[in-house]
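The values are calculated or read from the model by the stated rules, or taken from the named source; none is laboratory data. Quick caveat, the model's predicted, so the values are computed rather than measured. Cβ: placed from backbone, ideal geometry, glycine included. Neighbour counts: every protein chain shown. When the accessible area is computed, the model is the full protein with side chains, heavy atoms only, and any ligands, DNA or RNA have been set aside. Shrake-Rupley method; radii C 1.70, N 1.55, O 1.52, S 1.80 Å.
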Amino acid sequence: MKYRTLGRSGVQVSQLCYGTMSFGGDADEAAAAAMFKAARDLGINFFDTANNYNAGKSEEILGRLIRGSRDELVIATKVYNPMSKDVNAKGSSRRNVGLSLDACLKRLQTDRVDVLYLHMRDALTPIEETMRALEDMVRAGKVLYPALSNHSAWETQAALAAQEANGWARLQAIQPMYSLVKRQAEVELLPMAAANDLSVFPYSPAGGGLLSGRYTEAGAQGRHTTNKMYAVRYGEAWAHDTAAKFAGLCRQRNLHPMSAAVAWVAAHPAVTAPIIGARSAEQLRASLDSVKIDMTPELRAEISALSRTPPPATDRLEELK
């Protein structure tokens with residue numbers, strides 16, 4: 001396992017981040033423990049969760065698993081999404097960030113989180129208010145490094161500007177969606193992150209399983225056939241065509257599609273560590289094996305050519321040639 005620096009912090013995180021979204025949902029406590037052990041055995045020290053993953057169960061299970069090794073681990077969680085029917089129990093106001101984080105710490109059985117992401121952009125709350133909320137948590141010792149998930153490049157840059165203007169602790173990481181079938185991050189997010197020394201921890205590197213190879217089989221069932229969100233997110237025909245071509249290339253190269261999908265994301269120069277996850281230790285193995293793939297520039301270019309390259313921010317397509 002190799003390790004990379006988290007933003008400008010000096011903290012070293014593993015080249016794979018383990019995402020615990022399945023804990024307490026698709027994975028019961030026994031399965032979660034087996035996957036946690038497999039990740040730790042490989043040298044993974046970075047674990048990602050969120051307060052709303054399975055209504056807090058993910059944090060609760062992770063909290064029990066990290067007992068005895070807390071100081072060896074880098075733990076990230078997220079706040080924003082509603083955790084009750086209370087009209088104020090959501091968003092990125094100072095009020096909700098503080099209350100939500102206290103609940104996270106209780107579930108995780110720890111006194112601080114290393115990384116706190118704002119899970120989504122709160123259109124009702126000014127960015128200065130939200131950044132002050134993160135600063136409050138840093139000064140209280142409850143958060144070491146602020147971060148953003150699912151924010152655009154301009155929103156992230158505005159957040160950094162507010163922090164710099166006020167002398168507040170700066171963002172150290174972003175968490176965008178990024179895969180062979182979701183490449184919008186290449187246009188502005190990844191260059192912006194590199195310019196600001198922000199770590200990038202992409203989620204869904206295998207397109208929510210679309211690139212796993214299973215959906216090339218007739219009658220295959222899974223999230224893309226049963227979950228409306230995934231059906232919409234990856235529903236365009238070209239994405240499925242790309243997945244089929246990718247599976248074919250992997251067969252030719254004797255590569256597991258899941259391993260290759262994660263390795264392709266990891267090889268982008270702006271990416272610090274992809275976030276991987278699974279429902280079982282057996283399913284997890286292919287993602288862990290991504291570190292064994294030599295993703296040369298030539299192989300990455302060959303894989304990239306299977307999907308749509310997003311146009312540049314200026315929309316001047318001729319500049320891509």
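A few notes on this one:
- Projected area averaged over orientations for region 255-313, convex hull of C-alpha atoms, nm²: 4.9 nm²
- An ellipsoid equivalent to region 87-190, defined through the eigenvalues of its Cα gyration tensor, has semi-axes of 23, 16, 14 Å when rounded to whole angstrom and sorted largest first.
- Order of exposure, largest accessible area first, which applies to Ser58, Ser69, Ser84 with probe 1.4 Å: Ser84, Ser69, Ser58
- 3J(HN,Hα) from dihedral phi, region 97-103, Karplus parametrisation 6.51/-1.76/1.60, rounded to Hz, x for glycine, proline: 4, x, 5, 5, 5, 4, 5
- Mean projection of the Cα convex hull over all viewing directions, computed for the chain: 16.5 nm².
- Counting only DSSP beta bridges whose two residues both lie in the chain, roughly 15 percent are antiparallel.
- Bridging of Lys37 to lysines at a Cα separation below 26 Å is possible for Lys2, Lys57, Lys78, Lys106, Lys292, once same-chain residues fewer than 8 apart are set aside.
- Dipole of the chain [Lys/Arg +1, Asp/Glu -1 at C-beta], most positive-end residue of Asn166, Ser9, Val87: Val87
- Size of electric dipole in the chain: Cβ of Lys, Arg +1 and of Asp, Glu -1, about Cα centre, debye, nearest 20: 480 debye
- Candidates Ala273, Ala103, Ala231: whichever shows maximal mean-square fluctuation once the chain is modelled as a Gaussian network with Cα springs under 10 Å: Ala231
- Using only side-chain charges placed at the Cβ, +1 for Lys and Arg and -1 for Asp and Glu, the dipole size of region 36-163 relative to its Cα centre rounds to 380 debye.
- Average accessible area per residue (Å²) across the chain - probe 1.4 Å, nucleic acids and ligands excluded: 45 Å²
- Considering only alpha-carbon pairs that sit under 8 angstrom and 6 or more positions apart, the relative contact order computed for region 1-130 is 21 percent.
- Here the peptides 193-205, 35-47 are ranked by packing, the mean other Cβ count within 10 Å, and the order with the highest first is 193-205, 35-47.
- Sequence-distant aspartates and glutamates (8 or more away, or on other chains) whose Cα lies within less than 14 Å of Lys182: Glu236, Asp241
- Per-residue HN-Hα couplings for region 130-144 [Karplus 6.51, -1.76, 1.60; θ = phi - 60°; Hz; x = Gly/Pro]: 5, 5, 5, 4, 5, 4, 4, 5, 5, 5, 7, x, 8, 9, 8
- Helix-only CD estimate at 222 nm, as mean residue ellipticity for the chain, using -39500 (n - 2.57) per DSSP H run (n ≥ 4): -11500 deg cm²/dmol
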